[in-house]
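Rule-based calculations on the coordinates, nothing more; no lab input. A quick note: this is a predicted structure, and the numbers were derived from the prediction, not measured. Glycine gets a Cβ as well: all are built from the backbone with ideal geometry, and neighbour counts include every protein chain shown.
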Amino acid sequence: MNPERRTFWGTLLAVLFSLAALAASVVFLVVYWSNSGNLLLGASLAVACSGWGATLVIWGRLLTLQREAIAPREPLLPPEPERKAAAKTFTLGTNDVCRRSILRWIGFSAVGMFAAMAASLLRSLGVPSYSSLNSHIWKRGQRLMTVEGQAATVDSMQLGNILTVFPEGRIGDERSQTVLIRVDPSLLELPKTRQDWAPDGILAYSRVCTHAGCTVGLYEKTTHLLLCPCHQSTFNVLCAARPNGGPAARPLPQLPIYADSDGTLRAGGGFSEPPGPGFWGIE
Amino acid sequence: MRSIPAPAASRWFDSRLRLATIVRSALNHVFPDHWSFMLGEIALYAFVILVITGTFLALFFNASADKVVYHGVYRALDGVTMSSAYQSTLQLSFQVRAGLLVRQMHHWAADVFIGAIIAHLARIFFTAAYRRPREVNWLVGLTLLVLALANGFFGYSICADLLSGAGLRVGYAILISVPLIGPWLVYLLFGGIVPNNATIPRLYAFHIFLVPALLSILIAIHLVIIWRQYHTNYPGPSRSDCTIVGSRVWPSYTFKSLGLFLFVFAVVAALGGLVQIDPVWIYGPDNPAATLPGAQPDWYLGWVEGAMRLFPAVNLHIGRWLIPEVFFPGMLLPLVVFALLYCYPFLERLASRDGNSHHVLRLPWQQPFHTALGCAVFAFLLVLLVAGGDDVIAVAGGFSVVALRTLLRILVFAVPSLTGCVVYLLCILRRQRG
């Protein structure tokens, strides 16, 4: 294209694009001041910006002489005399300083102590409480409360039922959440030490996944598997919530429970392990 | 040529700051023209948009875990108890004029920012632009990527919706899994066992102050170094290590770059206005007792999520100490990936025994092994990213998650190996053609 035609078409396009941008920005203002919605606001802003953007690019490409520039690249390493001169200036200055070894000692100790003082402040952000991290949460005798505040009983649990419960006084507390499931007691394969942990086939497990701490919220009645929706770990409720598939390596902590004389379910102690994801000092 | 008399304003500044020499050399500075050199610029402009939109959002967001009962214009959540953080997110989305546009633009700009950084990194890698003298800028750039990833996570976590709540718990599990110092790290970053009332204010301070300050400083250093060293050139006529070929800052480069800024702004505005992102009101407030099936992190963390799903259920007992299963895919893998990236220029220099300065780029096919390695790593990360959504894919495709996961465990090694071999052969063929 010859330069004159290029100038003509370039100018025409640039003017048209900037007119479109002007129109779009008027639309933006009208939409904003009349409070009529997100959609048009975004669309008009986009048209305005791209209109002006196109104008600038046209100006840069069509309406500016395209001169290819070639500049020499100076070596980054300065010539040796220049480096020597810099070193010499530094040395001259250093020579004027008396008792340099003491000054150096003062400097290093000041910087070191400042760093130590600043780093110490990190302690204010929190010191791990291993007693909370390793808490087994439940205490013997506590009733198992639903989120509505009702105590779970043997009668409230039908075969195949699933219910979320919390310790008395800690309703809604994430780490305490426990799932109750009633299964046919003849299917149970609990370890010897846990034979009396599941009265009438009612099992209680922590609802916090031992893998990454999500809520193990799904139960498959036919396979007796609890499923975590985050990474699809499954736990077999019949065998003390042993991992059955997926990335979780540790079982869900089990809560020993018993039924008192009127059928109210109560905790027989704390969880078998601290609930939630594992860590270095877990007990 | 017509000469323009310097305006009075320039004399005013010049007589106070002695600018003429600096301005002249700046206007004459040469930048090469190539589309792939715009990727870093896109990231820079996305950061500018993030700062502008983020400042607007900060005026309305209330970073607090205090419980309130919602009575706003979004009727579906009327009467629901939620954190102030979530409530203020709803309010700035529905009640503040242009609030939803700005919030969605902010989230989209973050995705553009990280996407552009990754594309820019790939360009640098595959053209070997990290070689001497640009190793320092490679390290600065990688640190920018790490900070951007972290800040993306902090940003969507503070909205305190059900989805980000799940993300926060997974982040907590990964951090506490670190041997020896894990518990210290979670108290430092999250203020204790998640959830607790300190988490949101703390992440908010990181998100709007600490990380952006570091990003700004490092971006400034990144640009100063580029300016000082001049940009690289692709090989071609009159390109050599002693010249820089391109267009001058004034006028053509300035016009094109400002145009690019406006285009990035336009794309982000269009996405923010037209394409819904992170609709927190659909998820509902964070609620420990509720579960959200199909939960996914934002795409740039999907590879870690995928690794967590594929890694076998193996934890390690050292005496009475435990290294939980999430440590290996969740923490060790990202650490290894980034450690290798940080060391790469130095490893490559050792392997090639080439310590010279280079200002002309190498094309991907001129370095078959290097290109094959890079493609294999990308393929590995892509398979992991797919694995991060394996439940969603299984449901959509109607097959079992278990079978899909077994397949993905094979693919995660097979696809990168195959990709590497194919790319290597293609590069060799291309090189033989000359």
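Springs join every pair of Cα atoms under 10 Å in this Gaussian network model of chain A, and among A:93, A:268, A:141 the largest mean-square fluctuation is at A:93. Between helix A:100-120 and chain A there is an angle of about 50 degrees, using the helix long axis and the longest principal axis of the Cα atoms. Who wins for biggest fluctuation among B:263, B:126, B:327 in a Gaussian network model of chain B, springs between alpha carbons below 10 Å? Taking springs between Cα atoms under 10 Å, the residue moving most is B:263.
Amide H contacts of residue A:210: none lie under 5 Å away among residues 5 or more positions distant or on a separate chain (H built 1.01 Å from N in the peptide plane; Pro and chain starts excluded).
Relative to the first principal axis of the alpha-carbon coordinates of chain A, what is the inclination of helix A:80-96, with its axis defined by its Cα atoms, in degrees from 0 to 90 and to the nearest 10? In chain A, helix A:80-96 runs at an angle near 70 degrees to the longest axis. Relative contact order of chain B: 21 percent, from C-alpha pairs under 8 Å at least 6 residues apart in sequence.
Principal-axis analysis of the Cα atoms of chain A puts helix A:3-33 at an angle of about 40° to the longest axis. Using C-alpha pairs under 8 Å with a sequence gap of at least 6, the mean separation divided by the residue count of region A:26-177 gives a relative contact order of 11 percent. Under a straight-distance cross-link criterion of Cα-Cα below 23 Å, which lysines are reachable from residue A:139, leaving out those fewer than 8 residues away in the same chain? Result set, ordered by chain and number: A:192.
Based on DSSP H segments of at least four residues, each scored -39500 (n - 2.57), the protein assembly as shown has a per-residue ellipticity at 222 nm of -17000 deg cm²/dmol.
With the convex hull drawn over the C-alpha atoms of the protein assembly as shown, the volume per residue is 233 Å³.
Calculate the all-directions average of the projected area of region A:144-267's alpha-carbon convex hull, and give it in nm².
7.1 nm²
Taken as Cα centroids, region B:12-34 and region A:239-283 sit 70 Å apart, rounded to the nearest whole angstrom. Averaged over peptide B:358-366, the number of partner chain Cβ atoms lying within 10 Å of each residue's Cβ comes to 0. Helices in chain B that qualify as membrane-span-like (whole DSSP H runs, Cα extent of at least 20 Å along the helix axis, mean Kyte-Doolittle hydropathy of 1.0 or higher) are B:39-58, B:99-126, B:135-157, B:162-176, B:211-229, B:254-274, B:333-352, B:368-387, B:401-433. When B:250, A:280, B:35, A:52 are sorted by how many other C-beta atoms sit within 10 angstrom of their C-beta, beginning with the fewest, the order is B:35, B:250, A:280, A:52. Taking the number of Cβ atoms within 10 Å of each Cβ as an exposure proxy, the fewest-first ranking of A:113, B:105 is A:113, B:105. Each Lys or Arg adds one and each Asp or Glu takes one away; over the other residues whose Cβ falls under 11 Å from the Cβ of residue B:285, this sums to -1.
Reducing region B:369-412 and region B:289-352 to their Cα centroids gives an inter-centroid distance of 15 Å.
Ordering A:91, A:153 by the number of other Cβ atoms within 10 Å of each residue's own Cβ, fewest first, gives A:91, A:153. Using a Gaussian network model of chain A in which every pair of alpha carbons under 10 angstrom is joined by a spring, one finds that among A:115, A:24, A:267 the greatest mean-square fluctuation is at A:24.
A straight Cα-to-Cα reach below 26 Å connects residue B:256 with none of the lysines, residues fewer than 8 places away in its own chain not being considered. Taking a ≥ b ≥ c as the square roots of the eigenvalues of the Cα gyration tensor, chain B is classed as oblate, since a/c reaches at least 1.5 and a/b does not exceed b/c. Take every pair of alpha-carbon atoms less than 8 Å apart whose residues are at least six positions apart; their mean separation over the length of region A:3-61 yields a relative contact order of 48 percent.
Amide H to amide H, with H built 1.01 Å from N, residue A:219 comes under 5 Å of A:227, counting only residues 5 or more places away or on other chains.
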